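Engineer: Below: one structure in structure tokens.
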Amino acid sequence: MNLITVSGPPSSGKTSVILKTIESLKKRGIAVGVVKFDCLSTDDDLLYEKAGLPVKKGLSGALCPDHYFVSNIEEVTEWGLSLKLDLLITESAGLCNRCSPYIQDIKAVCVIDNLSGINTPKKIGPMLKMADIVIITKGDIVSQAEREVFASRVNTVNPSAVIMHINGLTGQGAYELSTLLFDETITLDTLKGKKLRFSMPAALCSYCLGETRIGASYQMGNVRKMEMGEKQ
């Protein structure tokens, strides 16, 4: 089985790109399944079900979605193997732009849209910088010059990635992506022992554990303070 991790900022078009790409994969007789990770709620699993795909949904609730992802990805992989899938696609929540849900030797895809602003690529951490493939969406809404500038900014942040433009509505470019996702020579049996490409966002402070009161006396654990200078 092949395993693919797809991440990206909210509303960048991840689900639309995945659905259009799967259409091309199914035409080649490739058995595909999807696992959708999110925070509070999502109906994307219904879209995958409507497309006739085996799908699982995981909601992290109060937990960081990245930590929730890495805590469950081994069981998710075992689920895909039990269904004898050729390709399992995991879609992460990717909310804080610092997220790093990528695993070594597992293909990583980042979806980012042209409408997020030309300075957005440099504001995104490992989620963009460590992706193998970067998909840029919503190019039909901006000018050719804006598309080229945005793609150039992405290339500056991640010069080693394959950069592609895909229209999530029409599916233009999705076939080309499908040819990059599935590799018949890959045989994944387990994720046990594999490592993340980058460490997860640091956590475990008093607020992580349920504290709601504001003030230094209530803050414990992993806390970082701003340099404010001397008080006047």
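Engineer: Taking the number of other C-beta atoms within 10 Å as the exposure measure, put Thr21, Thr190 in order starting with the fewest.
Structural biologist: By the 10 Å Cβ count, ascending, the order reads Thr190, Thr21.
Engineer: Further question: Looking at the chain only, what percent of DSSP beta bridges run antiparallel? Nearest 5 please.
Structural biologist: Here the share of antiparallel DSSP bridges comes out near 5 percent.
Engineer: Roughly how many nanometres apart are two label points built 7 Å out from the Cα toward the Cβ at Arg213 and Ser160?
Structural biologist: The answer from the label model is 4.8 nm.
Engineer: Would you tally the net charge around Leu188, using a Cβ to Cβ cut-off of less than 13 Å, leaving Leu188 out, and scoring K and R as +1, D and E as -1?
Structural biologist: Here the charged neighbours net out to -3.
Engineer: A follow-up question, please. Among all stretches of the chain without exposed GluC sites (Glu not before Pro) (DSSP loop, at most 15 other Cβ atoms within 10 Å), which one is longest?
Structural biologist: 1-183
Engineer: Picking from Gly193, Thr77, Asn119, whose Cα lies most toward the positive end of the charge dipole for the chain (charges on Cβ: Lys, Arg +1; Asp, Glu -1)?
Structural biologist: My answer, from the dipole projection, is Asn119.
Engineer: Sort out the exposed loop trypsin sites (Lys or Arg not before Pro) in the chain (DSSP loop, at most 13 other Cβ within 10 Å) and tell me the longest stretch that has none.
Structural biologist: 85-191
Engineer: Once you list every other residue whose beta carbon is under 13 Å from the beta carbon of Ser100, what net charge do they have if Lys and Arg are +1 and Asp and Glu are -1?
Structural biologist: +3
Engineer: How large is the charge dipole for the chain, taken about the Cα centre, if only the Cβ atoms of Lys, Arg (+1) and Asp, Glu (-1) carry charge, to the nearest 20 debye?
Structural biologist: 440
Engineer: What would the Debye formula give as log10 I(q)/I(0) at q = 0.09, 0.10, 0.15 Å⁻¹ for the alpha-carbon point model of the chain, no solvent?
Structural biologist: -0.40, -0.49, -1.02
Engineer: While we're here: Zone of Cys96 (label point 7 Å along Cα→Cβ, backbone N under 14 Å): which residues in segment 28-50?
Structural biologist: Counting backbone N atoms under 14 Å from the label point, the list is 39.
Engineer: Same structure again: What distance in nm separates the two pseudo spin-label positions at Glu49 and Lys225, each 7 Å out from Cα along the beta-carbon direction?
Structural biologist: About 5.1 nm, to one decimal.
All of the numbers you see were taken from the coordinates with simple rules; none came from a lab. These figures come from a predicted structure and were not determined experimentally. Neighbour counts run over all protein chains shown; Cβ positions are idealised from the backbone, glycine included.
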